[in-house]
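Chemist: I have a structure here, written as structure tokens, and I will follow up with some questions on it.
The values are calculated or read from the model by the stated rules, or taken from the named source; none is laboratory data. The structure presented is a predicted model; accordingly, all values stated were derived computationally and were not measured. Please note: Cβ atoms are built from the backbone with ideal geometry, for glycine as well, and neighbour counts cover all protein chains shown.
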Amino acid sequence: MKNKFFNTPKLKFLYSLLALQIIFYSVFRLIFLAYYHREIGVGTGSLIMKALIMGFRFDLRLSCLLLVPALISINMPIKNTSKIRFNNIFYTLLFGLISLTYITDAGYFAYLKSRVNATIIQFLKNPMISFEMVRETYPWPLFLTIIAVFTILSYWLMKTLVTPKLETWHAGTKKDKFVSHFAFFVVFALGIYGSLKWYPLRWSEAFASPDTFSSNLALNPILYVGDTYSFTANDFDEEQVHKAYSVVAQFLGVDKDGPEFNEKGLKFIREYAGNADKQKSKPNVVVIIMESMGYFKTGLGGSMINPTPNLDQLAKESLLFSKFYTPTVATARSVFAAITSLPDISKVKTGTRNPFIVNQHTVIGEFKDYEKYYFLGGSANWGNIRGVLSYNIPGLNIFEEGSYKSPRVDVWGISDLNLFREASVAINTIEANKPFFALIQSSGFHRPYTIPADSDGFKTLTTKDISEKEVRDYGFESMEEYNAMRLQDHSLGKFFEMAKKEKWYENTIFLVLGDHSLPANNAKNVQDWEKSLSNGYHVPLIIHSPKYIKPGIETKIASEMDLMPTIAGLAGVPYKTRSFGRDLFNPKFDSYRAAFSYNWGAPYHISLIDKEFYFELIPYNNQGRLVHHTDLHPEANVKDKFPEKYREMETLTKGLYESAKYLLHHNPHLY
């Protein structure tokens, strides 16, 4: 083993430097844990152990990244003594800076109960004030002493134990040399990637539970500064939020005469009492989010090529919301909106990737006595969605790749059919009479449009069965896309076949919705006014529960952000919220229903649709249009014909836009 993997001076040096770093970072982490042990919550011992293991993975990544200067220097055409001198000096100074960062991190946590992040850069804008605050608040002479001692210790360890490895004698065959270098490459690559799964290690994995301290303990402060660097600038304008408060608060249902109405404090919190009669039965909840299930692509939306027979049949047995809209066109953003009831209006990276807004209140957290599950065929590291889910939903059980017996079929993990099978099996193991809340997210309706061999009777159609022109006429780009949607629908049908055989089916409320739509591609069943952008938001919402919900078609305007408050209302669960969600069955909101959406691509625009009009605005140039969509032949723009309606929708849309940017940073847990 020794000869195989450590048989050159360079490798001995690199492994020694790697080990020294890991020891240093582990010691810092244990000191952090010991110093802040009072932050450990009761019964969180297992979370602390998981956090330490996760922290080791982050530390290994940092250690490997900081090997790069050593790798470059030891392969330069200079004398060995120069290489040794450079590495001794460079890494001594580097470890000194690292010790400064860790001490700063400890003070930062004491002050803000958060690990140091890129916002610390703002303190450098006022260096004298910041220095005075540190001098008057912290024992800075002690800190300087610790840094000096650690720096001297680092130099001694480098000079005594690490760089002398570069002077050791080397002997070995070419085969041994190849094996040892290949093994190092594997260790180095895996250390940086941080995972054996499809997605690399990401900051969101540290937020594996709502327990704040264990999540913070898992982070590596140096990497976290880098992870948060691109999110340092706040995108909201508080002055604009104040101006819009009255209009937005009224729309959301904040009682103008009640104590919760507070323009100065920008309070949006509303509290809704539960329903004792509904709570007695404690209905289960299953939310099924269907990938790219645009309304126009379904039989419900007028497609005549039968792409969704199972969805169409389910709608006949359920309550169909035919005017249901997502806030935007992107899966991660849609899931964020469904969970938090806020639109993820981030212009570049999705909100799920922003560490500064990971703390979000969600109505799911109000389901206190419910078992909670999230099922995804691939990895929850996709889009960094794990942090938003685990950190904000107490007790959430995540099923993802690695959790299933079914084989992985492509980049999106297991097939949708197997996802529904596995979810059904997991739900069946829940203790009898224990209510549950399950989120099932399909993902197979994506390129490469894989059709697994094991598809339980699914038949792939060809041009012998249906012409490619017909498929394109109804908005599908290809036969492959058409068959992929048919398979997704087939999988949904099989799930309900399984569910209807189980005891828990009768007392369950099922909600099936699309996460977003897709471009219309001039589909003949899409009106001209919708073909530009708005059809991308239009998806079906089906609420299926023979015991609780009468079948029918509901044409009121509904938003994906209404999802969680509506579920709480159906289950009779009391809840608080400060988000945009409004219970679709609460009559107090029926006087004016509207759905806010936005396009995060170019041109960036915001929009609002109500029962008669569709409003759209490009904020940077203030160009807008108004469509009277209930007309038999809607015109492209009727803003001059309905100036008051235009101003009314413009004011509310801008207000919701500004308030959404603010609330993303001001929506912490209320439970």
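Chemist: For a quick check of your reading of the model, give me the residue pairs whose first member lies in the stretch 617-631 and is of a type in the set (D, E, K, R), whose second is surrounded by fewer than 16 Cβ atoms within 10 Å (Cβ to Cβ), with beta-carbon atoms closer than 6 Å and at least 6 apart or on different chains.
Modeler: What qualifies is R625/N637.
Chemist: Same structure again: Got a number for residues in the stretch 158-182 being more than 17 Å from K83 (Cβ to Cβ) and more than 42 Å from the chain's Cα centre (by Cα)? Give the derivation first.
Modeler: Keep residues of the stretch 158-182 that are more than 17 Å from K83 (Cβ to Cβ), which gives 171-182.
Applying the additional criterion that residues be more than 42 Å from the chain's Cα centre (by Cα) yields 171-177.
Summing the residues that are more than 17 Å from K83 (Cβ to Cβ) and more than 42 Å from the chain's Cα centre (by Cα) in the stretch 158-182 gives 7.
Yes/no matrix, rows are residues, columns are (1) of a type in the set (V, I, T); (2) more than 17 Å from T298 (Cα to Cα); (3) in contact with a Lys or Arg (Cβ under 8 Å, 6 or more places away or on another chain):
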| site | (1), (2), (3) |
| --- | --- |
| M479 | no, no, no |
| R486 | no, no, no |
| F496 | no, yes, no |
| K500 | no, yes, no |
| E506 | no, yes, yes |
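Chemist: Just wondering, is there one or more residues in the stretch 567-590 that are β-branched (V, I, T), out of contact with any Ser or Thr (no Cβ under 7 Å at 6 or more places or on another chain), closer than 28 Å to V627 by Cβ and assigned by TED's automatic domain parsing to the domain that holds F296? Full working, then the answer.
Modeler: Pass one, the stretch 567-590, residues β-branched (V, I, T): 567, 573, 577.
Checking the rest, the ones that are also out of contact with any Ser or Thr (no Cβ under 7 Å at 6 or more places or on another chain) come to 567, 573.
Adding the requirement that they be closer than 28 Å to V627 by Cβ leaves none.
No, the stretch 567-590 has no match at all.
Chemist: Further question on the same structure: Considering the stretch 319-376 alone, what residues qualify as being under 20 Å from P565 (Cα atoms), part of a helix (DSSP H, G or I) and of a type in the set (F, W, Y)?
Modeler: F336, the sole residue that qualifies.
Chemist: Moving on. Condition first: touching a helix residue (DSSP H, G or I) at 6+ places or on another chain (Cβ under 9 Å) and under 28 Å from D176 (Cβ atoms). Can you find one or more residues in the stretch 35-53 that meet it?
Modeler: Checking the stretch 35-53: not a single residue is touching a helix residue (DSSP H, G or I) at 6+ places or on another chain (Cβ under 9 Å) and under 28 Å from D176 (Cβ atoms).
Chemist: Any idea which of L617, L670 is farther than 20 Å from D528 by Cα and among the hydrophobic types (A, V, I, L, M, F, W, C)? Let's see the steps before the verdict.
Modeler: On the way: L617 fails: farther than 20 Å from D528 by Cα.
On inspection, the qualifying residue turns out to be L670.
Chemist: When the residues of the stretch 101-125 are filtered to those that are hydroxyl-bearing (S, T, Y) and surrounded by 14 or more Cβ atoms within 10 Å (Cβ to Cβ), which remaining residue is modelled with the lowest pLDDT? Steps first, answer last, please.
Modeler: We begin by selecting, within the stretch 101-125, every residue hydroxyl-bearing (S, T, Y); these are 101-102, 104, 108, 111, 114, 119.
Still in the list and also surrounded by 14 or more Cβ atoms within 10 Å (Cβ to Cβ): 101-102, 104, 108, 114, 119.
Values: T101: 92, Y102: 93, T104: 88, Y108: 79, S114: 77, T119: 66.
So the residue we want is T119.
Chemist: Oh, and also: Here are some residues: I23, I78, I98. Which one is more than 22 Å from F207 (Cα to Cα) and crowded, with 18+ Cβ neighbours inside 10 Å?
Modeler: On the way: I23 fails: crowded, with 18+ Cβ neighbours inside 10 Å; I78 fails: crowded, with 18+ Cβ neighbours inside 10 Å.
Checking each option against the conditions leaves just I98.
Chemist: Give N637, N621 a once-over and let me know the one that is over 23 Å from L342 (Cβ atoms), surrounded by fewer than 17 Cβ atoms within 10 Å (Cβ to Cβ), within 32 Å of the chain's Cα centre (by Cα) and of a type outside the set (V, I, T). Break it down stepwise before answering.
Modeler: Values: N637 fails: within 32 Å of the chain's Cα centre (by Cα).
Criteria check complete, one pass: N621.
Chemist: From (1) touching a Pro at 6+ places or on another chain (Cβ under 6 Å); (2) at positive phi, pick out the condition that doesn't hold for Y295.
Modeler: So the condition that Y295 fails would be (2).
Chemist: Before we move on, is S597 closer than 20 Å to R270 by Cβ, in contact with a strand residue (DSSP E or B) (Cβ under 6 Å, 6 or more places away or on another chain) and touching a residue at least 60 places away in the same chain (Cβ under 8 Å)? Spell out the reasoning first.
Modeler: Numbers: closer than 20 Å to R270 by Cβ: no; in contact with a strand residue (DSSP E or B) (Cβ under 6 Å, 6 or more places away or on another chain): yes; touching a residue at least 60 places away in the same chain (Cβ under 8 Å): yes.
Answer is no for this residue.
Chemist: May I ask you to say which residue of W140, W156, W169 is out of contact with any Pro (no Cβ under 7 Å at 6 or more places or on another chain) and either modelled with pLDDT of 90 or more or surrounded by 15 or more Cβ atoms within 10 Å (Cβ to Cβ) (or both)? Walk me through how you get there before you give the answer.
Modeler: Details: W140 fails: either modelled with pLDDT of 90 or more or surrounded by 15 or more Cβ atoms within 10 Å (Cβ to Cβ) (or both); W169 fails: either modelled with pLDDT of 90 or more or surrounded by 15 or more Cβ atoms within 10 Å (Cβ to Cβ) (or both).
Answer to the check: W156.
Chemist: Sort out which residues of the stretch 26-67 are farther than 20 Å from W203 by Cα and of a type in the set (K, R), and write them in order of number. Write out each step before concluding.
Modeler: As a first pass, look at the stretch 26-67 and keep what is farther than 20 Å from W203 by Cα: 27, 31, 34-45, 67.
Matches in the stretch 26-67: R38 only.
Chemist: Considering each of S443, S491 in turn, give the residue that is surrounded by 13 or more Cβ atoms within 10 Å (Cβ to Cβ), among the polar types (S, T, N, Q) and not in a loop (DSSP other than H, G, I, E, B).
Modeler: Numbers: S443 fails: not in a loop (DSSP other than H, G, I, E, B).
Result: S491 is the single residue among S443, S491 that is surrounded by 13 or more Cβ atoms within 10 Å (Cβ to Cβ), among the polar types (S, T, N, Q) and not in a loop (DSSP other than H, G, I, E, B).
Chemist: Ok, one more. Among M133, M128, which is assigned by TED's automatic domain parsing to the domain that holds V225, surrounded by 12 or more Cβ atoms within 10 Å (Cβ to Cβ) and at pLDDT below 85?
Modeler: Numbers: M128 fails: surrounded by 12 or more Cβ atoms within 10 Å (Cβ to Cβ).
Result of the check over M133, M128: M133.
Chemist: While we're here: Within the stretch 603-616, is there a residue that is more than 16 Å from I269 (Cβ to Cβ), of a type in the set (A, V, I, L, M, F, W, C), part of a loop (DSSP other than H, G, I, E, B) and not assigned by TED's automatic domain parsing to the domain that holds Y548?
Modeler: Initial filter on the stretch 603-616 (more than 16 Å from I269 (Cβ to Cβ)): 603-616.
Cutting the leftovers down to of a type in the set (A, V, I, L, M, F, W, C) gives us 606, 608-609, 613, 615.
From the residues that got through so far, the ones that are part of a loop (DSSP other than H, G, I, E, B) too are none.
Within the stretch 603-616 (the criterion being more than 16 Å from I269 (Cβ to Cβ), of a type in the set (A, V, I, L, M, F, W, C), part of a loop (DSSP other than H, G, I, E, B) and not assigned by TED's automatic domain parsing to the domain that holds Y548), the answer is no, since none of the residues qualifies.
Chemist: Is it the case that some residue within the stretch 54-66 is free of Cβ contacts under 8 Å to residues at least 12 places away in the same chain and assigned by TED's automatic domain parsing to the domain that holds K165? Before you say what the answer is, go through the steps one by one.
Modeler: Start the filter on the stretch 54-66 by keeping residues that are free of Cβ contacts under 8 Å to residues at least 12 places away in the same chain, which leaves none.
Among the residues of the stretch 54-66, not one is free of Cβ contacts under 8 Å to residues at least 12 places away in the same chain and assigned by TED's automatic domain parsing to the domain that holds K165, which makes the answer no.
Chemist: Yes or no: P355 farther than 23 Å from I609 by Cβ, surrounded by fewer than 24 Cβ atoms within 10 Å (Cβ to Cβ), within 12 Å of the chain's Cα centre (by Cα) and at pLDDT below 95? Spell out how you get there, then give the answer.
Modeler: On the way: farther than 23 Å from I609 by Cβ: yes; surrounded by fewer than 24 Cβ atoms within 10 Å (Cβ to Cβ): yes; within 12 Å of the chain's Cα centre (by Cα): yes; at pLDDT below 95: yes.
So P355 fits the description; yes.
Chemist: When you go through G387, G383, G378, G395 one by one, which is the residue that is surrounded by fewer than 19 Cβ atoms within 10 Å (Cβ to Cβ), over 14 Å from S491 (Cβ atoms) and either in contact (Cβ under 8 Å) with a residue 24 or more places away in the chain or in contact with a strand residue (DSSP E or B) (Cβ under 6 Å, 6 or more places away or on another chain) (or both)?
Modeler: Working: G387 fails: surrounded by fewer than 19 Cβ atoms within 10 Å (Cβ to Cβ); G383 fails: surrounded by fewer than 19 Cβ atoms within 10 Å (Cβ to Cβ); G378 fails: surrounded by fewer than 19 Cβ atoms within 10 Å (Cβ to Cβ).
Exactly one residue qualifies, and that residue is G395.
Chemist: Could I ask something else about it? So V225 ticks every box in (1) in a helix (DSSP H, G or I); (2) at pLDDT 90 or above; (3) under 22 Å from S63 (Cβ atoms); (4) aliphatic (A, V, I, L, M) but one. Which box is left unticked?
Modeler: For V225, the exception is condition (2).
Chemist: Could you list all residues from the stretch 190-215 that are acidic (D, E) and under 17 Å from the mean Cα position of the chain (by Cα)?
Modeler: Taking the stretch 190-215 as the starting set, the residues that turn out to be acidic (D, E) are 205, 211.
Listed by number, the list holds a single entry, E205.
Chemist: Going through the stretch 255-281 one residue at a time, which ones are at pLDDT below 95, charged (D, E, K, R) and over 17 Å from V241 (Cα atoms)?
Modeler: Answer for the stretch 255-281, where residues must be at pLDDT below 95, charged (D, E, K, R) and over 17 Å from V241 (Cα atoms): D255, D257, D277, K278, K280.
Chemist: Shifting gears a bit: Of the conditions (1) at pLDDT 85 or above; (2) under 30 Å from G274 (Cβ atoms); (3) of a type outside the set (D, E), G377 satisfies every one except a single condition; which number is it?
Modeler: G377 satisfies all of (1) at pLDDT 85 or above; (2) under 30 Å from G274 (Cβ atoms); (3) of a type outside the set (D, E) except (2).
Chemist: Just the residues that are of a type in the set (F, W, Y), surrounded by fewer than 19 Cβ atoms within 10 Å (Cβ to Cβ) and either assigned to a helix (DSSP H, G or I) or without any contact (Cβ under 8 Å) to a residue 12 or more places away in the chain (or both), please, taken from the stretch 189-220. Give the derivation first.
Modeler: Of the stretch 189-220, the ones of a type in the set (F, W, Y) are 193, 198-199, 203, 207, 213.
Checking the rest, the ones that are also surrounded by fewer than 19 Cβ atoms within 10 Å (Cβ to Cβ) come to 193, 198.
Selection gives Y193 alone.
Chemist: Now, a different point. Would you confirm, using the coordinates I've provided, whether T653 is in contact (Cβ under 8 Å) with a residue 24 or more places away in the chain and among the β-branched types (V, I, T)?
Modeler: Details: in contact (Cβ under 8 Å) with a residue 24 or more places away in the chain: yes; among the β-branched types (V, I, T): yes.
The answer is yes for T653.
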